[in-house]
1. If you build a Gaussian network model of the chain, linking Cα atoms that sit under 10 Å apart, which residue out of 123, 183, 36 swings the most?
2. Across 10 Å bins from 0, what is the distribution of all Cα-Cα pair distances for region 36-82, in whole percents?
3. If you average 1/r over all unlike Cα pairs in region 118-221 and invert the result, what Kirkwood radius do you get in angstrom?
4. Could you bin all the Cα-Cα distances of region 180-221 into 10 Å bins starting at 0 and give me the percent of pairs in each, rounded to whole numbers?
5. On the full set of protein chains, 1.4 Å probe, figure out the accessible area of residue 99 and give it in Å² to the nearest 10.
6. Using a Förster distance of 35 Å, how high is the FRET efficiency between residue 92 and residue 70, based on the Cβ-Cβ distance and rounded to 0.05?
7. Quote the relative contact order of the chain in percent (integer), defining contacts as alpha-carbon pairs under 8 Å separated by 6+ residues.
8. At R0 = 41 Å, how high is the FRET efficiency between residue 139 and residue 99 if r is their beta carbon distance? Nearest 0.05 is fine.
Amino acid sequence: MPSIKERATSLLMSRIGKTAHVISVARIGNFLLEIDLQLSQALPERSTQHLKCEVAPYAYRDYTVACWDTAAQTATLIVDCGHEGAGSSWALELQPGDEVNYAGPGGGQHQPSGMQHLVCIGDASAAGHFHSLYLRKTNQQQFHCFLQLEDPLTRQILQMPVQPLSNNGHYFTDLHEWLYHYDFPVANTTYYVAGNQQVVIQVRKLLRQQGKQVKAQGFWG
């Protein structure tokens with residue numbers, strides 16, 4: 001029997017839920033899926049907004065809109081399927097023409113700052129989140145994206161340059177080395193950290209101890 005929270009979420013979806021249709025599903029590397037959706041309503045021109053998708057009965061997951069085509073009214077999601085769960089199972093089974101029930105958009109807390117350097121740090125689940133920031137930056141801003149990925153050969157995601165970090169226990173070692181290598185100016189750099197909640201907390205603490213400006217958002221874990 002569904003919990004009170006699940007029933008409340010289901011009722012909310014029935015009231016404000018919308019229907020999208022899957023246009024295409026493609027793999028990026030080993031565990032990332034690029035899902036293009038035809039939406040029933042337009043979205044604001046804003047980064048890091050998300051859709052709450054029904055992935056199973058009484059089960060919902062938030063996915064950031066990685067990019068949005070205003071004219072075609074299509075949205076692209078990037079879903080990390082590198083772990084077991086209702087969301088991964090749902091995404092892996094999607095086929096063109098399938099219906100997707102969703103609510104939203106919500107979120108949008110992270111927007112590009114006015115700093116010269118935008119540095120994104122996270123795991124694969126943050127790929128869409130960071131890509132939406134990438135599209136909204138100015139031509140004068142420098143963008144760097146450090147992602148913990150299962151596939152180290154993934155060097156770009158939807159034309160966004162990516163520096164893959166180790167996923168085998170050496171994540172923080174790799175991160176330290178790369179941040180030391182780039183030596184971003186503290187006064188002119190904003191760090192965006194997203195993904196696994198516990199990792200986000202650790203990375204945010206590390207960066208703030210060094211006096212850096214951090215915007216953080218945990219997604220799971």
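1. 183
2. Values per bin, smallest distances first: 25, 54, 20, 1.
3. On the way: mean 1/r = 0.0730 Å⁻¹.
Evaluated over region 118-221, this radius sits at 13.7 Å.
4. Taking every Cα pair in region 180-221, the percentages come to 30, 51, 18, 1.
5. So the heavy atoms of residue 99 present about 120 Å² to solvent.
6. Values: r = 29 Å, r/R0 = 0.83.
E between residue 92 and residue 70, to the nearest 0.05, is 0.75.
7. 18
8. Numbers: r = 38 Å, r/R0 = 0.94.
Efficiency, from the Cβ-Cβ distance: 0.60.
The values are calculated or read from the model by the stated rules, or taken from the named source; none is laboratory data. Quick caveat, the model's predicted, so the values are computed rather than measured. Cβ atoms come from the backbone with ideal geometry, glycine included; neighbour counts cover every protein chain shown. The accessibility values were calculated without ligands, DNA or RNA, using every heavy atom of the protein model including side chains. Shrake-Rupley method; radii C 1.70, N 1.55, O 1.52, S 1.80 Å.
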